[in-house]
């Protein structure tokens, strides 16, 4: 039952990042009540329904779960190349716990690559502090970097974000982000590899 509470709590936090403290308190209550009460609590704390119309301008939307990707490997190959946590998140659509990932509070300039295939998905220019405990971005590094598909797991509707290059699970996208897109790409740190960029070289006289 504790494992069930963890799964449901993670999904709720992802949908209502700015209410993370409230959900943390709810988790304690979840461990004390019956499974029926757990399900009821999730329904009571659902975040706004996703509206990904704006995202369609920078991402491919699809519900085709059998589509082909430029990078295709066997399950055995993915298991060998990825860490156990990366495999669970990227290839099995698991979700890391909030505030535990490597990049949730990273502020250095750089690019974020898919940890499975190395494709650049996000840049630090669009990363922002959403308070949800996962790395959050309001836009992609370039058009068509990800694929969106419906995710109706755990009794709620979300929009899953997949790497368009290898099909790996990255996280979910919500419509409660900042301007100009209004989107919040809520991404697992385990799905990303951060590559720091060098600061601008000093100009004449040591001035930048």
Mean shadow area (nm²) of the C-alpha convex hull around region 128-167 is 3.8 nm²
Within a 10 angstrom radius of the beta carbon, how do 147, 120 rank from fewest other beta carbons to most? 120, 147
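Taking N as the number of residues in region 54-196, what is its alpha-carbon radius of gyration divided by 2.2 N^0.38 Å? Walk me through the numbers on the way to the answer.
Numbers: Rg = 13.9 Å, N = 143, 2.2 N^0.38 = 14.5 Å.
Normalised Cα radius of gyration, region 54-196: 0.96.
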For Cα pairs less than 8 Å apart in space and 6+ apart in sequence, what is the mean separation divided by the residue count of region 54-196, i.e. the relative contact order in percent? 30 percent
For 165, 157, which order do you get if you count the other beta carbons within 10 Å of each Cβ and list the fewest first? 157, 165
Shape call for region 80-135, from the Cα gyration tensor axes a ≥ b ≥ c (a/c under 1.5 means rounded, otherwise prolate when a/b beats b/c, else oblate), comes out oblate
PRE zone check, label point 7 Å out along Cα-to-Cβ of residue 197, amide N under 17 Å, scope region 101-141, hits 106-114, 119-128, 137-141
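Throughout, read-outs are computed from the coordinates displayed, never taken from laboratory work. Since we're looking at a predicted model, the values are computed, not measured. As a convention, Cβ positions derive from the backbone with ideal geometry for all residues, glycine included, and neighbour counts pool all protein chains shown.
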